[in-house]
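Here, each number is a calculation from the coordinates, and none is a lab measurement. Please read all numbers here as calculations on a predicted model, not as lab measurements. Cβ placement follows ideal geometry from the backbone for every residue including glycine, while neighbour counts extend to all protein chains displayed.
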Amino acid sequence: MIDAAGLVADFGIDRDEGFVLDVSLDIGPGRTVALLGPNGAGKSTVVAAIAGLIAIDRGSIALDGTMLDARRPDVFVASEERGVGVMFQDHLLFAHMSVADNIAFGLRSRGMSADEADSVASEWCDRLDLSGMENRSVRDLSGGQAQRVALARALATNPSILLLDEPLAALDVTTKAKARRVLGEHLDAFSGPKLLITHDPGEAFLLADEVHVIEGGKITQVGSAEEITRSPRTEYAADLAGTNLLRGEVADGVVVVGTHVMHVADSPTDGPTLLTIHPRAVSLHRQRPEGSPRNAWKTTVSHIETMADRCRVSVDAPIPLTSEVTTESVSALGIEVGSSIWVSVKATEIDVQRS
Amino acid sequence: MTDAKRRTSVRRTPVALFVLAGLGVALFLLPIVGLIGRTPWSDLPSLLTSDIVVDAIRLSLVVSLGATAMSALFGLPLAYVLARAEFKGRTLVRSLVLLPLVLPPVVGGAALLFAIGRRGVIGEPLYSLTGLVLPFSTWGVLVAVTFVSMPFLVITVEGALRNMDQRYEHAASSLGAGAWTVLRRVTLPMIWPSVIAGFALTWARALGEFGATITFAGNLQGRTQTLPLAVFVALETDRDTAIAVSLIMVVISMTVLVLLRDRWWRPT
């Protein structure tokens, strides 16, 4: 027996195609751990193993002192007995049921009476801004509403652990910010361990207490968002760290970063924000770019790093940014450290997250 | 289709294909036209209420619905097992289930006779133990018709189960639903359109069954003479009755196919 509260998991899974997964996760009550990795890294397999949808080949998974899956001694608790709350990728709402029936499904499956389950579902609708939608078919919901139904369905059974598999990936940019805020609030209110699966560094950094980077079935780095950004250990982590993360302050629909004003596509609410800009979204020009993009300024190249056929060009004040361009365009633009350059970023390429 | 769209699609399809396709349609259409042309419309009411026809309609309804029910009882579990359970020889079992689709029904009927006929491998001990004789009885018709029609339900439902996104079942389990609850509240409702399509095809095939029935159960009015058998007999003796009964079967078949058209072409 493992007496520790929360999730204590150290296991391996061998899949047919020769893919080997080996992870170790320790999530205390109330803590949120993000599993951050590229597609095919094995993130969803980790969720499936903890949820009891696949069996592990080595090691063990224990939750609040109860062994859920182990090889020696041989233990396997069926998924329906584990008390896990899962928010699946693409939400997987039952399309033939109403909003309320989706939320009440877990309660009904555990033997609660229809009336009681309905009233609990109705409470969850109120809590998640879905009041009045109880009888609506889930087919008619917007992305944000569907995401909240999925969250309510996972939470309604009062699970011992919350597993979130890309909970925001199915949403478009405009609803993502709000959905992330709602998710953050409910994660804070949930007292059990929480595992967030994501490929979005901004999401991981904003919602999790600790980030585990997973690549090719192995956890390659564990640390706080700041630690991983400061000293990335793998190329993938470096790429994540190379993503431009800027802290700013929203005022009057624009974001002030340091002394510079950045224009963004949606109009965020006032307050502190985190801007995410992919290095490939930062364009470099010799002269003031045509069509006068709103985010364009003149600056100086501070650093150039060549990787195969691409270059990462860093610029300094007023805003430190890294741009990723082809080696050809670096030579075409005649860029070297110290040269003057125009930088532009499309407003639509800036991801704004309230922090 | 908008007018512009129709014009583009016509322009892009070679004329030769239209001609060949038209000949193909003619092959299906001409027999129906011939049947309708020869139908004695004024005598139709009396022809359709004759003893032979009424008995055959009653027996056909009982047997086709009975075979559909038997297919539901055994075919749905079979489809589920084939789609979901991993076991040795699954390919072999699937081929066996599909065999009646390609086997000439007469051969199927003969095989049934050797197996569960009165002198059959299983039929003989069955008779001495229970006194039950399947051949030349309505129960025999039911067995023969189920043998021929059940594969339609199995392939339709198995296909739907394979195409279905199993992650929905996983979601249900994680929410605390046991295997039966998952099946009843998630799996079945999700593949329901295909189940209905499978039932309709099974029923239609059961209604039209001829070869296995006549071989295994004979042709006794009121006991084993279903509509297709009545047509076969009437062709020799009473052509008008044969035409009238054929017409009913065309109408029924067309109705089922038209009702099904969306489901069959777009499996869920």
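Given the convex hull over the Cα atoms of the range B:153-268, what projected area results after averaging over all orientations, in nm²? If you can, show how the numbers build up before the last one.
Working: hull surface 37.4 nm².
Convex hull of Cα atoms, orientation-averaged projection: 9.3 nm².
Gap in Å between the Cα centre of the range A:73-100 and the Cα centre of the range B:210-237? The range B:210-237 and the range A:73-100 have Cα centres separated by 53 Å. The alpha-carbon positions of chain B define a convex hull whose volume is 203 Å³ per residue. Between the residues A:T243, A:S331, A:T66, the greatest Cα displacement towards the positive end of the dipole of chain A, with unit charges on the Cβ of Lys, Arg, Asp and Glu, is found for A:S331. Among the trypsin sites (Lys or Arg not before Pro) in the range B:66-154, those located in a DSSP loop and surrounded by at most 12 other Cβ atoms within 10 Å of their own Cβ are B:K88, B:R119.
As a footprinting exposure proxy, order A:D209, A:D115 by other Cβ within 10 Å, with the fewest listed first. Before the final figure, lay out the partial values.
On the way: A:D209 14, A:D115 8.
Sorted ascending by nearby Cβ count, the order is A:D115, A:D209.
How well do other chains shield peptide A:153-159, expressed as the mean number of their Cβ atoms within 10 Å of each residue Cβ? Before the final figure, lay out the partial values.
Working: counts 3, 3, 0, 1, 3, 0, 3.
Across the residues of A:153-159, the mean count of other-chain Cβ atoms within 10 Å is 2.
With the convex hull drawn around the C-alpha atoms of chain A, the volume per residue stands at 155 Å³. Compared with the dominant principal axis of the Cα atoms in chain A, helix A:114-127 is inclined by about 20°. Near A:M87, the amide H atoms lying under 5 Å from its own belong to A:L163, A:L164, A:D165; only residues 5 or more places off or on other chains count, and H is placed 1.01 Å from N. The distance from the alpha carbon centre of the range B:152-197 to that of the range A:174-215 is 32 Å, rounded to a whole number. Neighbouring Cβ atoms from other chains, within 10 Å of the Cβ of residues in B:160-168, number 2 on average. Take the Cβ atoms of B:R167 and B:V81, set R0 to 25 Å, and the FRET efficiency comes out at 0.75.
So, with +1 on the Cβ of K and R and -1 on the Cβ of D and E, and no other charges, what is the size of the charge dipole of the protein assembly as shown about its Cα centre, to the nearest 20 debye?
Numbers: 55 positive and 64 negative charges, 421 e Å.
About 2020 debye.
Relative to the Cα centre, the charge distribution of the range A:1-54, modelled as +1 at Lys and Arg Cβ and -1 at Asp and Glu Cβ, gives a dipole magnitude of about 260 debye. Across the options A:L107, A:A121, A:N135, the greatest Cα extent toward the positive end of the charge dipole of the range A:88-162 (unit charges at beta carbon of Lys, Arg, Asp, Glu) belongs to A:L107. Remark: spin-label model distance B:A26-A:D316 equals 8.6 nm, labels positioned 7 Å along the Cα→Cβ axis. Show log10 I(q)/I(0) for the range B:202-250 at q = 0.25, 0.28, 0.31 Å⁻¹, two decimals, from a solvent-free Debye sum over equal Cα scatterers. The computed values of log10 I(q)/I(0) come out as -0.96, -1.11, -1.20. Secondary-structure-derived ellipticity at 222 nm for chain A, considering helices only, amounts to -8000 deg cm²/dmol, per-run term -39500 (n - 2.57) for DSSP H runs with n ≥ 4. Exposure proxy for A:V99, B:V250, B:V231: other Cβ atoms within 10 Å of each Cβ, ordered fewest to most, give B:V250, B:V231, A:V99. Semi-axes of the equivalent ellipsoid of the range B:38-162 are 32, 22, 13 Å, computed as sqrt(5λ) over the eigenvalues of the C-alpha gyration tensor in descending order. When DSSP beta bridges are restricted to pairs lying wholly in the range A:150-271, around 75% turn out antiparallel. Mean separation of Cα pairs under 8 Å and 6 or more residues apart, divided by the residue count, gives chain A a relative contact order of 16 percent.
Give, rounded to the nearest 20 debye, the magnitude of the charge dipole that chain A has about its Cα centre when Lys and Arg contribute +1 at Cβ and Asp and Glu contribute -1 at Cβ. Please report the intermediate quantities before stating the final value.
Numbers: 32 positive and 50 negative charges, 144 e Å.
Charge dipole, chain A, about its Cα centre: 700 debye, nearest 20.
The three principal axes of the Cα atoms in the range A:125-187 give end-to-end lengths of 30, 27, 18 Å, sorted in falling order.
For A:V149, B:V53, A:V173, B:V107, what's the fewest-to-most ordering of other Cβ within 10 Å of each Cβ? Mind dumping the intermediate values first?
Values: A:V149 26, B:V53 21, A:V173 11, B:V107 14.
The most exposed by this proxy come first: A:V173, B:V107, B:V53, A:V149.
Building the convex hull from the alpha-carbon atoms of the range A:200-355 and averaging its projection over directions returns 9.7 nm². In terms of distances greater than 25 angstrom between alpha carbons, the cross-link table entries A:K178/A:K298; A:K178/A:K346; A:K176/A:K218; A:K176/A:K346 yield A:K178/A:K298; A:K176/A:K218. When all C-alpha to C-alpha distances in the protein assembly as shown are sorted into bins of 20 Å, what percent of pairs does each bin hold, rounded to whole numbers? In order of increasing distance, the bins hold 15, 33, 29, 17, 5, 0 percent. Applying the criteria of a DSSP loop state and at most 15 other Cβ atoms within 10 Å to the chymotrypsin sites (Phe, Trp or Tyr not before Pro) of the range A:1-94 yields A:F19.
Report the FRET efficiency, 1/(1 + (r/R0)^6), for A:D74 and A:D26, where r is their Cβ-Cβ distance and R0 is 22 Å, rounded to 0.05.
0.45
What the Cβ-Cβ distance of B:F232 and B:F114 gives, at R0 = 25 Å and to the nearest 0.05, is a FRET efficiency of 0.60.
Let me check I've understood the local charge: for B:A217, count other residues with C-beta under 13 angstrom from its C-beta, Lys and Arg +1, Asp and Glu -1. What total comes out? Don't jump to the answer; show the numbers that get you there.
On the way: positive: B:R118, B:R223; negative: B:E209.
Here the charged neighbours net out to +1.
Add -39500 (n - 2.57) for each DSSP H run of 4 or more in chain B, then divide by its residues: what number comes out at 222 nm, to the nearest 500 deg cm²/dmol?
Values: 15 runs with 205 residues, N = 268.
Value at 222 nm, helices only, nearest 500: -24500 deg cm²/dmol.
One chain, two ends: A:D209 and A:R288. Fully extended at 0.36 nm per residue, the span grows by 24.3 nm beyond their Cα-Cα distance. log10 I(q)/I(0), Debye, Cα-only the range A:48-153, no solvent, q = 0.10, 0.12 Å⁻¹? Each listed q maps to, in turn, -0.36, -0.49.
Distance from the Cα centroid of the range A:19-35 to that of the range B:45-118 is 53 Å (rounded to whole angstrom).
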